[in-house]
Amino acid sequence: MKERFPQGFMWGGATAANQVEGAYDKDGKGLSIVDAIPGGKARLSIVSSPEFDFSLDTERYTYPNHKGIDHYHRFREDIALFAEMGFKCYRFSIAWTRIYPNGVEQQPNEAGLNHYQQVIDTCIAHGIEPVITISHYEMPLHLANAFGGWQGREVIGHFERFARTVLERFGQQVKYWMTFNEINSAFHFPIMSQGLTVKTGALEPQAKFQALHNQFVASSLAVKIAHETNPEIKIGCMILYATSYGFDCNPVNQLAALKERQSSDFYCADVQVGGKYPYYAKSLWQSLGVKLDIQPGDLELLKAHPVDYIGFSYYMSRTIYATNPEAAAAHGNLLGGARNPFLEASDWGWEIDPTGLRIALNELYDRYEKPLFIVENGLGAIDKPDENHYVADDYRINYLRQHINAMAEAVEDGVDLMGYTPWGCIDLVSMSTGEMSKRYGMIYVDLDDNINGTGDRYRKKSFHWYKQVIATNGQDL
Ligand code: BG6
C-alpha cells in the first residue's frame, strides 16, 4: 500500500513552558507576563480592559500558570509517556525568565539552563527529537513594564542575548527551533504575544506594528545565530493560521477575506520567509496611520536571514462577512468572523474544519514553497473520566483523525509537510481561559481549574489510538 506520509515524518506533541511547568518562582526563575495574568473564562476580557497592568492581585484572582501541571518536576514521567506513544519529536518552549529572570541580566541563570539540559537529555535518551520554541507567550514581566513590551527597541538586544545563550548551549543537540510562537497573534491578543496592555498601546496599530518590527529583527538575529552555531539547525517562524472564507460569492466579501489574509495571516510570514515587507505593507500602514521606526541595517538583516521552514498552528477557520457586520460579530470563534453554516463548533465555539487544514497547507505551500510543520492542532474539550480515571475521548480521536486525513490529502496534493505535533498532548492550562477543564491531551492530568488534585497522569483512549497512528506512519487511523 502506498505510504500516506513520508518516511521520517515527525509525529509528536506540543506544549509551552508557561502552560505546563508551574514552579513559577523556583530555582531563580523571574516573573513573566503570564505569571501576572489571572485564570478563568474572563481571562481575555480582564487583560483587555483599560485598567489591566500586570500587577499580581492574589486576593482577587487565581493564577493557574503558577503551578501548571508541574511538568518542571515531572517531565521525566511525561516524556516517558510520550515515548510510549512513539513520539518522534516533542515541541516545548524555554521560559525566558528561567534563563534571564528579569531579561536584563548579563549572565544566565545556570539552574535554568541545567533544567532544559535535563529535558533535552531525557528526550534524546528516548529517541525523541526536541523541537524548541524560543519564546512562547511569556516575556519577562520586567521587560514588559520597563519598555512597554516589544514596542521598546531595547528588548531586541535582551532577546538576542537570551537566544544566543540557548542556541549556543543546546544547538549541537537540538536541530529544530522556532523563534516566536504565533507571532501574528499580535493582531488578536497582543498582550500575550507582545507584552502590550491597553495602557501601553494594545489597541493602537502603531504600537503593535512597531513591536512586530522589533520582533522580526529579533527573529532574524536568532536565525543568524542558529545558523552560525550549527549549519545543521533548521529554524522556523511560527504563525497562527486560520483559513479565511468570504461568506458568499459577493466579490465584496471575497475581497474582504483576501485583505484579512494579508493583514493578519500572511503579514508576518511574508517578512520572515520572504525576507522583506510585502508589497501591500505600505498601504496597510498608511490606512492605519502607522509610521515604523526602521533603523539602518534592519531591512538588510531581514533579507539575509529568512527562516528555514514554516511552523503553524491550525485550530479553526473563519468566515468573513463584510456586507453583514452584525452577523460577522455574532459568533464565538476565538478569531471572530461570522458563523459558518457548514461547520460544527467545539464546546468553546471554535469551528471545526479539517478541509480548511488542507486548504491552509496548500495556501501556505503555494505562497512560500518552504517545508511546513503543523506544530499545533487539536480539540479543547471537557473530558469525563470514569472511576478509574479513564477517558473514552472518541470526539478527540475523531477530530484528530479528520485532520490527519486532511494532511495526508495535502501531502498527496504535493505539499512538503515535515511533521505534526498536536497541541497539549498532555492536559495543560489553557492559554485563552487559564482553565484546566479545556483539555487537549491524550494524557489526562488529575487537576481542576484551581489546580487542585493529585496531578497524576492517566492514558486516555486517544493515547492508544495515537500510538497506533504513529506506529503505522499515519496509515491506521
Ligand atoms: C495557541 C497557543 O493559540 O492555541 C497555545 O499557541 C494555546 O498556547 C492553544 O494553548 C490553544 O488555545 P487555548 O486557549 O484553548 O489554550
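The values are calculated or read from the model by the stated rules, or taken from the named source; none is laboratory data. Note that the coordinates shown come from a computational prediction; the quantities given were computed from them, not determined experimentally. Glycine also receives a Cβ, built like all others from the backbone with ideal geometry; neighbour counts cover every protein chain displayed.
A few points about this structure:
- Which numbered condition Ser313 misses (of (1) free of Cβ contacts under 8 Å to residues at least 60 places away in the same chain; (2) out of contact with any helix residue (DSSP H, G or I) (no Cβ under 8 Å at 6 or more places or on another chain); (3) not hydrophobic (A, V, I, L, M, F, W, C)): (1)
- Residue match in the range 285-297 (condition: of a type in the set (A, V, I, L, M) and within 16 Å of the ligand (Cβ to nearest atom)): no
- Counted residues, the range 160-187 - those being more than 16 Å from the ligand (Cβ to nearest atom) and assigned to a helix (DSSP H, G or I): 11
- Any hit, the range 179-199, residues being among the acidic types (Asp, Glu) and under 19 Å from the mean Cα position of the chain (by Cα): yes
- Failed item, numbered, when Gln107 is tested on (1) buried (at least 24 other Cβ atoms within 10 Å of the Cβ); (2) in a loop (DSSP other than H, G, I, E, B); (3) polar (S, T, N, Q): (1)
- Unmet criterion (only one of (1) more than 19 Å from the chain's Cα centre (by Cα); (2) under 27 Å from Gly311 (Cα atoms)) for Gly68: (1)
- Of all the numbered requirements in (1) β-branched (Val, Ile, Thr); (2) surrounded by fewer than 23 Cβ atoms within 10 Å (Cβ to Cβ); (3) within 16 Å of the ligand (Cβ to nearest atom), Ile470 misses one, and that requirement is (3).
- Filter result (without any contact (Cβ under 8 Å) to a residue 24 or more places away in the chain, closer than 25 Å to Ala327 by Cβ and part of a loop (DSSP other than H, G, I, E, B)) within the range 249-307: Cys249
- Every test in (1) basic (Lys, Arg); (2) farther than 30 Å from Val198 by Cβ; (3) away from the ligand (no atom under 16 Å from the Cβ) is passed by Arg91 save one, and that test is (3).
So that you can scan it fast, the table gives a plain yes or no per residue for (1) of a type in the set (Val, Ile, Thr); (2) buried (at least 19 other Cβ atoms within 10 Å of the Cβ); (3) away from the ligand (no atom under 16 Å from the Cβ):
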residue	(1), (2), (3)
Trp96	no, yes, no
Tyr100	no, yes, yes
Gly112	no, yes, yes
Gln118	no, no, yes
Asp121	no, no, yes
Ile124	yes, no, yes
Thr133	yes, yes, no
Glu138	no, yes, no
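- Hey, Phe92 touching a residue at least 60 places away in the same chain (Cβ under 8 Å), aromatic (Phe, Trp, Tyr), closer than 27 Å to Gly441 by Cα and part of a loop (DSSP other than H, G, I, E, B) or not: no
- Extreme residue, nearest to Phe312 (Cα to Cα), among residues of the range 12-27 that are over 17 Å from the mean Cα position of the chain (by Cα) and buried (at least 17 other Cβ atoms within 10 Å of the Cβ): Gly22
- Here the condition is being touching a residue at least 24 places away in the same chain (Cβ under 8 Å) and within 16 Å of the ligand (Cβ to nearest atom); of Ala16, Ala42, Ala23, it holds for Ala16 alone.
- Exclusive hit being on the phi < 0 side of the Ramachandran plot and in contact with a Gly (Cβ under 8 Å, 6 or more places away or on another chain), set Val131, Val174: Val131
- Residue within the range 50-61 that is within 15 Å of the ligand (Cβ to nearest atom), surrounded by fewer than 22 Cβ atoms within 10 Å (Cβ to Cβ) and modelled with pLDDT under 95 present: no
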